[in-house]
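The values are calculated or read from the model by the stated rules, or taken from the named source; none is laboratory data. All values reported here derive from a predicted model rather than from experimental measurement. Here the Cβ positions follow ideal geometry from the backbone for every residue, glycine too, while neighbour counts run over all protein chains shown. Only protein heavy atoms, including side chains, enter the accessible area calculation; ligands, DNA and RNA are left aside. Shrake-Rupley method; radii C 1.70, N 1.55, O 1.52, S 1.80 Å.
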Amino acid sequence: MQWSVDGPFLSKQLLRLPGTEKPSAIDKQLAQETVWLGMDGLHGDRVADRRFHGGPDRSLCHYPAEHYGHWRKAYPHLQRLGSAAFGENLSTIGIDERQVCIGDRFRWGDALIEVSQPRSPCANLDRRHAARGLAKQLAQSGRIGWLYRTIEPGEIAICTPLHLVERPCPTASVARIWRGFTDDDASDAELAWLAELEPLATEYRRRFRQRLDARRRQRDQRALF
C-alpha cells in the first residue's frame, strides 16, 4: 500500500509566536530540494524545545490533510489552512489515526520510518492561528496526527510517496492509544497492555505504567482500612 505525500516540510528558522516572546518552529515550508532524514529528524529542520519535539522517538510529525476541512468549518477565519499548517513534516490523504498503528513501518524515499506515538497537541497551535481552544479541540476530537522514529536514515525527495512495508501491531491504532491516554476510565487490562506495547514511545509507556501503578496503590491503601 502507498499514499501520495505533501512534503517534506521544514522550518529553517525559529519565529516568535504572536503575543509571546516564545520562539517556535511550527511555521514550516515545503523543502526546495532533496532532504536528508537522520535519526533526530530532517536536516535543516529547526527545533525550538527539545523537551517536547525532536529526538529518537519524534523525528517526524505526520498530519492527515483531510482533517483540515473539519478545522476550516470549525474556525471560519482559518479558510487557508492546509498541509503544514499544524507544523507537520508530511501530510497525506486517505490514511488517518484509525488506520495507522503503532509500530507500522513505512519506506519514505530511501529512509525507513516507524510510527512511535500519537502527536500531543500543544497551545502553540492556538497562538499560531489565533484560534483559542484549537489544541484542546484537536485532543478531544482525536484528529491529532502521529510521530515517527527513524529506523534507517536516507534521502527524501519532494512529494515522495509513503509505502507501508510492515504492520507488527495491527490492533494498536493511533486512535486506540490516544483513547487510552485521554480516558481516565481505561481499564487496568488496557493500561497494562499499553505499558507493554514495545514499539510505543518510551514516554507514553512510562505514563501508562504510572497510571496503572497509582491505581494499584490506591486499592492497596483502601484495603488496609
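Phi angles across the stretch 11-16 convert, under the Karplus curve 6.51 cos²θ - 1.76 cosθ + 1.60 with θ = phi - 60°, into 3J(HN,Hα) values of 10, 8, 8, 8, 10, 7 Hz, Gly and Pro given as x.
Taking the accessible area of the stretch 128-225, probe 1.4 Å, and keeping the other protein chains in place, the carbon and sulfur fraction comes to 48%. Here the 3J(HN,Hα) profile of the stretch 104-114, calculated from phi with Karplus coefficients 6.51, -1.76 and 1.60 at θ = phi - 60°, is 4, 10, 10, 8, 10, x, 7, 8, 10, 10, 10 Hz, Gly and Pro shown as x. Considering only Ile95, Thr20, Leu212, the residue lying farthest towards the positive end of the dipole of the chain is Thr20, judged by Cα position with unit charges set on Cβ. Indicate the gyration tensor shape class of the stretch 131-183 (rounded, prolate or oblate), computed on the Cα atoms with a ≥ b ≥ c the square roots of the eigenvalues: a/c under 1.5 is rounded; otherwise a/b larger than b/c is prolate and the rest oblate. Verdict is oblate for the stretch 131-183. Among 102-108, 178-184, the peptide with the highest mean count of other Cβ atoms within 10 Å heads the list, and the full ranking is 102-108, 178-184. Take every pair of alpha-carbon atoms less than 8 Å apart whose residues are at least six positions apart; their mean separation over the length of the stretch 157-222 yields a relative contact order of 22 percent.
Each Cα pair under 8 Å and six or more residues apart adds its separation to the average, and for the chain the resulting relative contact order is 25 percent.
Here the dipole of the chain is about 940 debye; that uses its Cα centre as origin and unit charges on the Cβ of Lys and Arg (positive) and Asp and Glu (negative). Sort the stretch 73-132 into rounded, prolate or oblate with this rule: let a ≥ b ≥ c be the square roots of the eigenvalues of the Cα gyration tensor; rounded if a/c is under 1.5, and if a/c is not under 1.5, prolate when a/b is larger than b/c, oblate otherwise. Verdict is prolate for the stretch 73-132.
Normalised by 2.2 N^0.38 Å, where N counts its residues, the alpha-carbon radius of gyration of the stretch 91-225 equals 1.23.
Its Cα centre serving as origin, the stretch 22-115 has a Cβ charge dipole (Lys and Arg +1, Asp and Glu -1) of approximately 360 debye. Oblate is the label for the stretch 1-125. Its Cα gyration tensor axes, ordered a ≥ b ≥ c, give a/c of at least 1.5 and b/c at or above a/b.
Working note: Karplus 6.51/-1.76/1.60 with θ = phi - 60° gives the stretch 186-203 the couplings 4, 5, 4, 4, 5, 4, 5, 5, 5, 5, 9, 6, 4, x, 5, 3, 4, 4 Hz, where Gly and Pro are set to x.
Per residue, the accessible area of the chain comes to 52 Å², computed with a 1.4 Å probe over protein heavy atoms only. Given the alternatives (i) 30, 22, 17; (ii) 25, 21, 16; (iii) 40, 21, 16, semi-axes √(5λ) of the Cα gyration tensor in Å as computed for this entry is given by (i).
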